[in-house]
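Shown next, in structure tokens, is the structure this report addresses.
The values are calculated or read from the model by the stated rules, or taken from the named source; none is laboratory data. These figures come from a predicted structure and were not determined experimentally. Ideal geometry is used to build each Cβ from the backbone, glycine not excepted, and the neighbour counts take in all protein chains shown.
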Amino acid sequence: MHCSDCYPATPMEDEGMMKVRPVMPCLENAMQGAGFHCDIMNGSEYVIPYRSRDQILSIVDLLEERENAESITVCLKGKHRHEPAERWVSLSQLRVRIVNHALINVIINKEFCSYMQPIVNSAEHIVGFEFLLRPIPGGPCFQPHTLFEVARGSGYHSVLDRAALVSAIESSRILPDGMKRFINFLPSTINNPKYCLAHSFDAIQRSGLRPEDFVFEVVETEMIRDIGHLSAIFSEYRQHGVHVALDDVGSGFATLEVMERLRPDYVKIDRDLISLCDKERSKQESIREIVEKSLRFGGQVLAEGIERREEFEFCRGLGIGLAQGYFFGRPMPEPPPRFMAI
């Protein structure tokens with residue numbers, strides 16, 4: 001099985017040709033009128049040479065004026081670089097790639113690293129870390145959520161998600177055996193779980209780490225549209241000895257119904273529910289319900305976003321065994337000098 005999304009991304013060349021599908025009336029005339037040479041290849045696609053990124057944008061502008069612009073796909077073929085597979089993208093994806101070329105280069109060149117935020121047990125001992133994507137020291141500055149937005153809009157979300165996973169796995173080698181490593185993943189980047197998750201398992205094996213020390217969690221921004229597909233992803237992770245977590249339970253798409261159907265090993269309660277939970281009765285009732293239902297299938301509950309001791313004490317009083325938040329530590333490039341695993 002082959003997947004073009006799994007091939008390494010390469011920088012955009014300033015000179016080459018753009019292939020365009022489908023064939024449409026009068027496009028040759030429109031392109032030639034704007035100063036571009038346009039030929040039909042094999043009766044199914046156009047070939048339009050370009051000599052700069054500005055010319056690419058000009059071609060995109062002309063194509064977006066067509067009535068069927070939403071159905072048009074394009075493929076760039078650089079003059080000097082051989083691509084392992086043709087990457088056909090929409091006009092909007094190509095525009096995002098050009099307009100946000102600095103962030104696209106961050107993705108392609110993997111100019112990011114993984115920071116780690118501590119996760120503690122009820123005794124306030126560090127038992128794990130969540131790995132979070134951050135800029136490399138001295139490298140280009142960016143906001144992680146902006147980078148993921150650009151990746152999604154450009155069609156590079158699979159490329160970024162895969163690279164971020166491998167970065168987190170390799171960074172976790174600094175931790176001792178038994179220390180849990182929580183790593184985010186995007187279900188929408190996984191078309192075939194058995195094939196698309198192989199790079200994660202290979203990275204764990206190459207690093208000489210134990211699969212049982214890893215917890216892969218659905219990220220907070222991911223829309224859970226297909227429960228069956230996500231269940232298949234969870235199953236593939238578990239078959240390789242890896243644990244799974246559902247993030248932001250109690251808010252947005254991570255509902256109690258989703259939690260009960262997926263039965264994750266770890267249930268991470270949404271930070272908005274945790275904030276001031278010691279004072280707000282409605283939040284307390286919601287948290288109690290999550291804890292009770294998690295206990296029925298053996299899910300370990302983790303309270304996210306703890307910023308005050310009162311919040312931690314309330315959650316601990318309900319029997320929540322794990323906690324994470326600025327109260328215990330911010331994301332850092334390395335773990336604190338002293339930490340203890342259970």
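Structure notes:
- Looking across the stretch 198-251, the residues that are more than 19 Å from the chain's Cα centre (by Cα) and not polar (S, T, N, Q) come down to 206, 208, 209, 210, 211, 212, 213, 228, 238, 240, 241, 250.
- Residue match in the stretch 316-332 (condition: in a helix (DSSP H, G or I) and over 28 Å from the mean Cα position of the chain (by Cα)): yes
- Subset tally (residues that are surrounded by fewer than 23 Cβ atoms within 10 Å (Cβ to Cβ) and touching a helix residue (DSSP H, G or I) at 6+ places or on another chain (Cβ under 6 Å)) for the stretch 274-285: 2
- Checklist (1) surrounded by fewer than 22 Cβ atoms within 10 Å (Cβ to Cβ); (2) more than 10 Å from the chain's Cα centre (by Cα); (3) acidic (Asp, Glu) applied to residue 130, failing item: (1)
- Residues that are hydroxyl-bearing (Ser, Thr, Tyr) and not in a strand (DSSP E or B), drawn from the stretch 257-284: 275, 282
- Residue within the stretch 48-71 that is touching a helix residue (DSSP H, G or I) at 6+ places or on another chain (Cβ under 9 Å), under 30 Å from residue 303 (Cβ atoms) and modelled with pLDDT of 95 or more present: no
- Taking (1) of a type in the set (A, V, I, L, M, F, W, C); (2) at pLDDT below 95; (3) surrounded by fewer than 17 Cβ atoms within 10 Å (Cβ to Cβ) in turn, residue 34 satisfies each apart from (2).
- Residue in the stretch 190-210 that is in contact with an Asp or Glu (Cβ under 8 Å, 6 or more places away or on another chain) and under 30 Å from residue 275 (Cβ atoms) present: no
Residues are listed down the side, and each one gets a yes or a no for (1) assigned to a loop (DSSP other than H, G, I, E, B); (2) over 16 Å from residue 124 (Cβ atoms):
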| position | (1), (2) |
| --- | --- |
| 301 | no, yes |
| 305 | yes, yes |
| 312 | no, no |
| 336 | yes, no |
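- Filtering the stretch 155-200 to residues that are part of a helix (DSSP H, G or I) and among the small types (Gly, Ala, Ser) leaves 158, 163, 164, 167, 168, 171, 172, 188, 198, 200.
- All positions within the stretch 125-169 that are closer than 27 Å to residue 337 by Cα and touching a helix residue (DSSP H, G or I) at 6+ places or on another chain (Cβ under 6 Å): 131, 133, 165, 166, 169
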